[in-house]
Structure formats: structure tokens, C-alpha cells
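Single-structure report; data block below.
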Amino acid sequence: MKLAPYRGWSETARRDLHLALLTLALFVIVTAKFPVFASPHNLAGLLDDTAILIMLALGQMLVILVRGIDLSVAANLALCGMLAALFNRAFPGAGIAPVLALSLVAGALLGAFNGILVWKLRLPPIVVTLGTLSIYRGVIYLLSRGAWVNENEMSREFVGFTRAQFLGLSTLSWFALVFAAAAIFEMRHTRIARNLYAAGGNPEAAAYAGIDPGRMQFIAYLASGAIAGLCGFLWVSRFAVAYTDIALGFELQVIAACLIGGVAIAGGAGSAGGVLLGCLFLGIIRSSLPLVGISAFWQMFINGVVIVAAVLLSARQRRQVRAILEAR
Amino acid sequence: MTLAPFKRWESMLALVLVGEFVLFSAISPYFLDVDTLSDATFNFTERALVALPLALLIIAGEIDISVAGIIALASVAMGLAAGQGAGAATLAIIGLGTGLAAGCVNGLLVTVGRVPSIVATIGTMTLFRGAAYAVLGDRVLKNYPESFATFGQGYLAGPVSIELALFVVSAVAYALFLHGTRWGRAVFAIGANPVATRFSGIPVNRYRFALFALTGLASGLAAVLLTSRLGSTRPSIAQGWELEIISIVILGGVSVWGGKGSILGVVLAALVFGLITFGLGLMNIPGIVMSIFTGTLLILVVAVPALVRRP
């Protein structure tokens with residue numbers, strides 16, 4: 001594939017284009033079979049369903065860029081969602097602003113905890129976030145004493161926040177769109193994003209250039225945590241229920257979206273546009289399953305197939321640079 | 001390699017173990033009883049049987065997060081075969097075979113596919129458990145023949161269960177392999193420096209593949225024992241076990257950076273872990289609160305050496 005317009009394109013841009021074509025092809029195939037799929041109503045629903053995945057995956061991207069991984073995002077989301085719900089139950093008249101602030105700050109703190117351990121103690125990210133994953137889940141149980149917070153215990157503003165429609169899309173969808181647009185712009189044009197790429201691509205070189213790779217890791221975990229916290233409130237508001245096990249295992253979908261979106265697990269490579277496409281790819285599969293008549297129980301299996309295929313393909317691209325004797 | 005710090009780590013684990021014994025026998029008068037202790041072993045034997053090969057894998061610088069997914073897949077395969085009227089021995093072979101096959105898939109992804117093991121096994125974890133959900137949905141399989149219960153519920157002699165006997169034999173075998181053979185030395189070498197090891201003529205990828213296959217096989221064995229003990233299969237079987245099994249390995253002093261660790265440490269960690277689970281059960285503390293403890297322990301185990309190392 002040596003097409004002329006490809007010259008001068010970066011590897012990331014080329015991969016994003018391939019993924020865009022693949023996502024488009026998937027969309028066209030499903031629409032050809034089921035025209036209702038392309039209806040504005042259905043597409044708005046698809047975006048609404050994928051919104052939280054998009055936000056979390058963009059946060060996760062930052063962490064993977066700096067050679068980390070955040071397995072605790074779903075637990076963080078669930079804990080902050082429970083905090084938001086409990087706060088709303090205790091102070092139903094307080095409005096939405098304090099709930100937003102609470103979930104954002106709580107999420108940032110939980111993320112900062114991961115970040116401090118990875119930055120200051122140089123602990124392996126997978127062990128740290130596996131540990132905090134189970135700690136955060138356990139804390140939800142202690143906070144809620146194992147009970148659910150149901151819709152009738154939430155104020156109307158709280159539940160209505162994500163569902164309010166504006167120009168045909170829900171608030172939740174607008175959150176994701178604005179967020180994705182900001183991420184695509186910032187990852188290309190801001191200094192902090194450059195520093196993140198540099199710290200992940202080659203930490204030693206970045207350190208010589210005056211960038212502290214550990215500090216960049218901390219910032220990535222902080223951001224990922226804050227996003228997860230905010231999504232906690234959005235999740236609980238949208239589904240109008242909070243309990244210990246909400247979003248159980250969702251971190252794997254988030255990581256899957258990043259891997260499909262072309263974020264390199266070795267760090268330093270990936271784009272916000274690619275991650276957005278990865279999320280939409282998963283979202284299209286998920287929302288077309290009921291149309292095709294496949295049980296929702298197949299979702300996880302299909303995710304697994306897609307992840308394995310995506311990582312195999314991205315591993316293939318690096319193959320030629322390896323020496324014959326080199327072990328990995 | 002200096003052995004002294006590891007000896008210290010293991011003696012610390014032994015001390016914790018003694019502390020647990022003292023604490024729990026003070027709390028409950030029924031604790032120091034042969035039958036009670038025999039029951040308590042079921043809290044760790046199945047997990048420990050997977051933790052042993054996983055320790056080798058982590059020493060070799062790789063990781064397998066899909067172990068619990070393999071257990072679920074193997075259990076579903078056995079459940080389906082039992083529905084067709086398969087006997088106990090056939091079921092055990094199917095469980096072991098499924099585990100081995102799943103482990104080979106992991107091994108191929110990492111060696112031939114050249115995918116980093118953490119990513120590959122996050123993928124296959126989703127794939128294997130996803131397959132279990134896809135096949136079973138919300139059904140439960142429990143048409144197991146009566147003789148199948150022997151594996152997980154039977155006793156070899158007196159209070160020594162078949163599971164416990166299997167664990168002891170495996171632990172000795174793994175210890176001899178890792179610490180007594182040149183293959184074991186190669187596992188350490190691969191974890192410490194895979195490139196140098198490859199340049200010394202050791203077929204690194206063949207070792208990696210074999211270790212993934214072995215971990216798969218052990219997960220299959222755990223699936224046979226667990227399914228036999230529970231007598232039923234749900235797609236959520238062994239959910240979250242990967243965390244507990246990895247915790248046991250790391251608590252046992254195996255370095256997450258590869259190249260360091262011992263079987264004795266893993267065995268002691270499994271005992272410590274199993275006793276804590278059992279003790280918290282004695283005190284009526286729910287499992288989810290236990291996860292706070294496991295998570296904290298996991299972080300502390302890697303944080304304490306890091307804190308000590310700092311100037």
C-alpha cells in the first residue's frame with residue numbers, strides 16, 4: 001500500500017485513517033442491512049450510549065501514553081458515582097454544581113493516589129491500579145453499607161441532568177463531544193501534550209530535555225481520575241441507580257477502545273482522534289447486536305475478539321525493526 | 001544474586017503466618033482443630049495451584065491476567081460435556097485440555113504474535129470469559145455425575161484432602177524445577193535480561209510459550225477442582241480470582257520486574273492469604289471488605305521495599 005497521498009503522513013495518522021475507513025465500512029454494512037440504524041434517533045442513542053466510554057478512554061489514553069495503565073477507572077467511577085448519589089440524597093436541594101465539583105475532585109484525588117505511588121515510589125502501574133481497583137470497590141461497600149441508592153432517593157435535577165436534550169442530543173452526548181473536540185485540539189497543540197508524548201516515547205531523553213517523566217505520569221493519572229470521577233456522576237445520573245457493582249469490568253472496555261484506537265501500550269504513540277474512532281467502533285458493534293439478533297451475552301466475547309485482533313495487528317506493524325536474535 | 005533479602009522476606013511471611021495462628025486461635029476456640037484447619041485449606045489450594053506456575057511466568061518477566069477467564073471457560077466446557085453424559089475422568093481431561101489450549105493461545109500471542117503479555121492476556125481474559133457468557137448466558141450447568149465430586153470434595157487420608165495433596169506435590173515439584181534445574185536457572189535469566197539470555201543460546205520464546213501453556217494447564221486443573229467442589233458452573237465462576245492469584249504471587253516476594261522470587265515464598269503467601277480469608281470469614285466480614293484488605297496488601301508489598309530502597 002504505497003499510495004501517493006500517504007507520503008509524509010505519520011504512522012499514527014495512517015492508522016487513524018485505516019480505522020476511520022473500517023468504522024465507516026462497519027457502519028455502512030449495518031445500515032445496508034438495517035436502514036433504521038442510520039436514523040437520527042438511533043445515532044443520537046448510539047452517541048449517548050458511547051459518551052462515557054469516550055471520555056474514560058480519552059483519560060486512559062493519557063495514562064497509556066506515559067507507559068502506564070489505569071485499571072482502577074471503573075472502580076473510581078463507581079465510588080465517585082456513589083459519593084454523588086449519597087451527597088444528593090443528603091442534600092437534595094443543593095443543586096448540581098456541588099455534585100459536579102464533588103465527583104470531579106473526588107475522582108482527581110483517587111487518580112492522584114495512583115499517580116503518587118507510580119511517580120514517587122516508582123511502583124509498577126498494573127500492581128498499583130489492581131490494588132486500588134479492589135480498595136475503591138470495597139470502600140463503596142463500606143460507604144453504602146451494601147445498599148442501593150435508587151431513583152426515588154435522587155432529586156429530579158440530579159436524574160434529569162444527563163437526559164436534558166439540546167439540539168437533538170442529550171447533555172451526556174454534548175459532554176462527550178465537547179470533551180473529544182477539546183482532547184483532539186489539545187493533544188495536537190499544547191505543550192503539556194507534547195511533554196506527555198515525549199515522556200512516554202523516551203523517558204531518558206525527555207528527562208534530559210527538562211521534562212520530568214514521573215511528574216507527567218502523575219498528571220496523566222490525575223486527569224484520568226478526574227475524568228472517571230466526573231463520569232461517575234454522569235453514569236449514576238443517566239442510569240438513576242448507584243450500587244457497589246456499577247460499571248464492573250468497564251475498565252477493560254475502556255482499555256480495549258484505546259488499543260483499537262491505536263494507542264501503543266509501550267507508550268508515546270496514539271491520538272485522541274484514533275481513540276474516539278475506537279470508541280465509536282465498539283459502540284457501533286454494541287448497538288447493532290440487538291438488530292442483528294445476537295444476544296447481549298455475546299458482547300464481551302466480541303470485545304475480546306476485537307481486542308486480540310487489534311493488538312495482533314499493531315504488533316505486526318513493529319515487526320520489521322527487530323533483530324533476528326533479539327528476544328522481544 | 002544475593003539470597004539474604006529473600007530469606008528475610010520469607011521469614012517475615014512465616015512470622016505473619018504464626019501471628020495469624022495465634023490471633024485466630026485467640027479469637028475462636030474452634031480454630032485450632034484438625035477438621036477446621038482442613039476446611040480452611042480449601043480457601044487457597046485452587047488459587048495456589050495457579051499461583052505456582054504464574055510465579056514462574058512473572059519471574060520470567062511476563063504476566064497472565066486471563067487465568068480466571070480460563071477457569072470459567074474450562075468449567076463451561078466441562079459443564080457442557082457433563083450435559084452430554086461424560087464421566088468424571090472424561091470431564092477432568094476436558095477441563096485440563098481446555099486450560100492447556102487456552103494457555104497455548106496466550107503463548108502463541110506472546111511469542112509468535114509478539115504482543116506484550118499484559119495486553120495479550122487482557123484480550124484473552126475478555127475473550128475466554130466472554131465465550132463463557134456467550135455460551136451460557138444466564139444459565140447454570142449442574143448436571144455433573146456424582147463421582148465427579150471426588151476431585152474437589154474427596155479426602156486422600158484423614159483430614160488431607162485431594163486438593164491439599166495436589167498442592168503439596170505441585171509445590172515440591174515447582175520448587176525442584178525452579179531452584180534445582182538448569183531450566184529453572186533459565187527462567188530467572190530470562191526475567192533478568194531476555195536479550196542477553198537469547199544471546200547465550202537459550203530459546204527464550206520456547207520457554208515463554210511453555211510457561212503460558214503450563215499456567216493454562218494449571219488453570220484448567222483449578223477449574224476441575226473448583227467445579228467439582230461447587231458442583232455447578234456459572235459464567236461468573238472464579239470472578240476476580242486473577243487479582244487474588246497475582247496478589248499471592250507478589251506477596252510471596254516475586255518481583256514484578258522479573259528475575260527474582262522463590263516457590264517457598266509463594267507457598268507461604270498462599271497460606272497467609274488462605275488463613276486471612278478464613279479468619280475474616282470466622283469474624284463474619286463480607287468478601288468485598290476483604291478486597292480492601294487484599295488491595296492494600298498488594299500495594300504495601302511492593303511499596304515497602306520501594307520505601308526502604310529510597311535514600
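Quick note: the coordinates plus some simple rules give every number you see, no bench work behind them. In this text the structure is predicted, and so the values were computed from the model without any measurement. Counting neighbours? That spans all protein chains shown, and the Cβs are built from the backbone with ideal geometry, glycine included.
Figures for the structure shown
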read-out: Cα→Cβ-extended label distance, 7 Å offset, between B:L307 and A:R215, nm; value: 2.6 nm
read-out: Partner aspartates and glutamates for A:K120 [C-alpha distance under 18 Å; skip if fewer than 8 residues away on the same chain]; value: A:D70, A:E204, A:D212
read-out: Inter-site label distance for A:A94 and A:L109 at 7 Å from Cα along Cβ, in nm; value: 1.2 nm
read-out: Computed E for A:S10/B:S147 - FRET, C-beta separation, R0 51 angstrom, nearest 0.05; value: 0.25
read-out: Karplus-derived 3J(HN,Hα), 6.51/-1.76/1.60, for each residue of the stretch B:163-179, Hz, glycine and proline x; value: 4, 5, 4, 4, 5, 4, 4, 4, 4, 5, 4, 5, 5, 4, 5, 6, 9
read-out: Residue-wise HN-Hα coupling along the stretch B:63-73, computed from phi with Karplus coefficients 6.51, -1.76, 1.60 (Hz; x: Gly, Pro); value: 8, 10, 8, 8, 4, 5, x, 5, 4, 5, 5
read-out: Filtered trypsin sites (Lys or Arg not before Pro), the stretch A:1-102: DSSP coil and at most 15 other beta carbons within 10 Å; value: A:K2, A:R7
read-out: Relative contact order computed over the stretch A:4-318 (Cα-Cα under 8 Å; 6+ residues apart), in percent; value: 34 percent
read-out: Contour minus Cα-Cα distance for B:H179 and B:A26 (0.36 nm per residue); value: 51.4 nm
read-out: Most fluctuating residue given options B:E46, B:E20, B:E244, as computed from a GNM of chain B linking Cα atoms under 10 Å; value: B:E20
read-out: Most to least packed among B:68-76, B:94-102 [average Cβ atoms within 10 Å]; value: B:68-76, B:94-102
read-out: Förster radius 22 Å - calculated FRET efficiency between B:L282 and A:R145, Cβ distance, rounded to 0.05; value: 0.55
read-out: CD proxy at 222 nm, helix term only [per DSSP H run n ≥ 4: -39500 (n - 2.57); per residue of the protein assembly as shown; nearest 500]; value: -24000 deg cm²/dmol
read-out: Estimated dipole of the stretch A:4-318 in Debye, rounded to 20 [Cβ of Lys and Arg +1, of Asp and Glu -1, Cα centre]; value: 500 debye
read-out: B:V34 paired with A:L177, simple spin-label distance in nm, labels 7 Å along Cα-to-beta-carbon; value: 7.4 nm
